[in-house]
Amino acid sequence: MSRTLILRSKSGSKLLINRFITSPYSHPSSSARSIGTLAFEEIRSSQDGPYNFTAFFLHGLLGSGRNWRSFSRTLASSLPDWRMVLVDLRNHGKSAELEGISPPHDMENAAKDLANLVTSQGWNWPDAFLGHSMGGKVALQFAQSCARGDYGESVSLPKQLWILDSVPGKVNPENSDGEVEKVLQSLRTLPSSIPSRKWLVDYLLKLGFSKSLSEWLGTSLKKSGDKETWAFNLEGAIQMFNSYRDTDYWPLLEHPPKSLDISVVQAENSDRWTEDVVHRLQNLASKSFNEDEGKLSYYVLPKSGHWVHADNPKGLLEIVTPKIASLV
């Protein structure tokens, strides 16, 4: 099922947005078992002629692809040969409504969902991934699985990965303020139906959460009759968060596959980075990789907290756009 919208960017150019909720399909390696693909949106310029490149946007925990709609529109207006695909990861957004997406809900299966989506749609393999927070680790897992042949011989490794304020190694709870865990635990105590968005925001404020976080969580509600329900599968999302914390992609960063360019972007004011992690990234970014390896770059996005696309979208565009455009 799809729906097409035409929006006009600030520069006056038109952008096409196609919204899709994909149906289950039979995977070639499992003819008897039907598995679900993912909901997604396509954003690209409306210029005549086909697109030549594709970038996947992967959101963070409890988010959805629409979080990146504004940013991707602006990026697409500068890259007319590109198509932007905003994916709702398993247990999130419209993908939470789909049947056939089975556990375990971890980084490996979240990445495999992307491969299933590509093959089910008959697309060429994406040229770039932009993954924020948990989505950054899903992107790293996708590249790792591609490199070791998990998705078959026809797969093409992406040319660029953008890891946006996502720590690549295991997340030690002792190095965190525990806010995410507190949010998840608090959401578990709520009824499945919420009286209203205002009620939720007020409730979270009383628990001590910030206004910005409370209002952002309110955007994850959807209408269900005269009440509101979550636009995500909470228990599945919690399993994904646990997997996010426990996975380690430092070996991939230390030895990226040939032709893969990994760019890690740290938000200047983000509290997710320790001195040891930053020092390790800086050393890797200054390293001379072998000819049979890819490369790694490290950036700091100024004047930004964890929500890079909202806190400093212009600065992020200035980092991302020239490098992605270089693939054209």
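Tabulated data for the structure shown
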{"read-out": "Residue tally, condition charged (D, E, K, R), surrounded by fewer than 22 Cβ atoms within 10 Å (Cβ to Cβ) and in contact (Cβ under 8 Å) with a residue 40 or more places away in the chain, over region 64-91", "value": "3"}
{"read-out": "Flag for Ala237 being among the small types (Gly, Ala, Ser) and modelled with pLDDT of 95 or more", "value": "yes"}
{"read-out": "Verdict on Ser286 being among the small types (Gly, Ala, Ser), under 24 Å from Ile324 (Cβ atoms) and either touching a residue at least 24 places away in the same chain (Cβ under 8 Å) or surrounded by 12 or more Cβ atoms within 10 Å (Cβ to Cβ) (or both)", "value": "no"}
{"read-out": "Selection status of Asn242, modelled with pLDDT of 90 or more, closer than 24 Å to Glu108 by Cα and not acidic (Asp, Glu)", "value": "yes"}
{"read-out": "In region 120-142, the residues that are touching a Phe, Trp or Tyr at 6+ places or on another chain (Cβ under 8 Å), surrounded by fewer than 21 Cβ atoms within 10 Å (Cβ to Cβ) and not in a loop (DSSP other than H, G, I, E, B)", "value": "Ser120"}
{"read-out": "Failed condition for Leu252, given (1) assigned to a helix (DSSP H, G or I); (2) free of Cβ contacts under 8 Å to residues at least 24 places away in the same chain; (3) open to solvent by less than 30 Å² (accessible area, probe 1.4 Å); (4) not acidic (Asp, Glu)", "value": "(2)"}
{"read-out": "Residue identified as of a type in the set (Asp, Glu), open to solvent by 40 Å² or more (accessible area, probe 1.4 Å), over 30 Å from Val155 (Cα atoms) and touching a strand residue (DSSP E or B) at 6+ places or on another chain (Cβ under 6 Å) among Glu228, Glu268", "value": "Glu268"}
{"read-out": "Region 92-102, residues that are open to solvent by less than 10 Å² (accessible area, probe 1.4 Å) and touching a residue at least 60 places away in the same chain (Cβ under 8 Å)", "value": "His92"}
{"read-out": "Restricting region 295-322 to residues that are more than 25 Å from Thr274 (Cβ to Cβ) and touching a residue at least 24 places away in the same chain (Cβ under 8 Å), the residue that is surrounded by the most Cβ atoms within 10 Å (Cβ to Cβ)", "value": "Pro313"}
{"read-out": "Meets criteria (without any contact (Cβ under 8 Å) to a residue 60 or more places away in the chain and either out of contact with any Phe, Trp or Tyr (no Cβ under 6 Å at 6 or more places or on another chain) or closer than 20 Å to Gly135 by Cβ (or both)) for Arg280", "value": "yes"}
{"read-out": "Selection from region 282-316 of residues that are hydroxyl-bearing (Ser, Thr, Tyr) and in contact with a helix residue (DSSP H, G or I) (Cβ under 9 Å, 6 or more places away or on another chain)", "value": "Ser297, Tyr298, Tyr299, Ser304"}
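The values are calculated or read from the model by the stated rules, or taken from the named source; none is laboratory data. Everything numeric in this text was worked out from a predicted model, so none of it was measured. Cβ: placed from backbone, ideal geometry, glycine included. Neighbour counts: every protein chain shown. Side chains included, ligands, DNA and RNA excluded: accessible areas come from the protein's heavy atoms. Shrake-Rupley method; radii C 1.70, N 1.55, O 1.52, S 1.80 Å.
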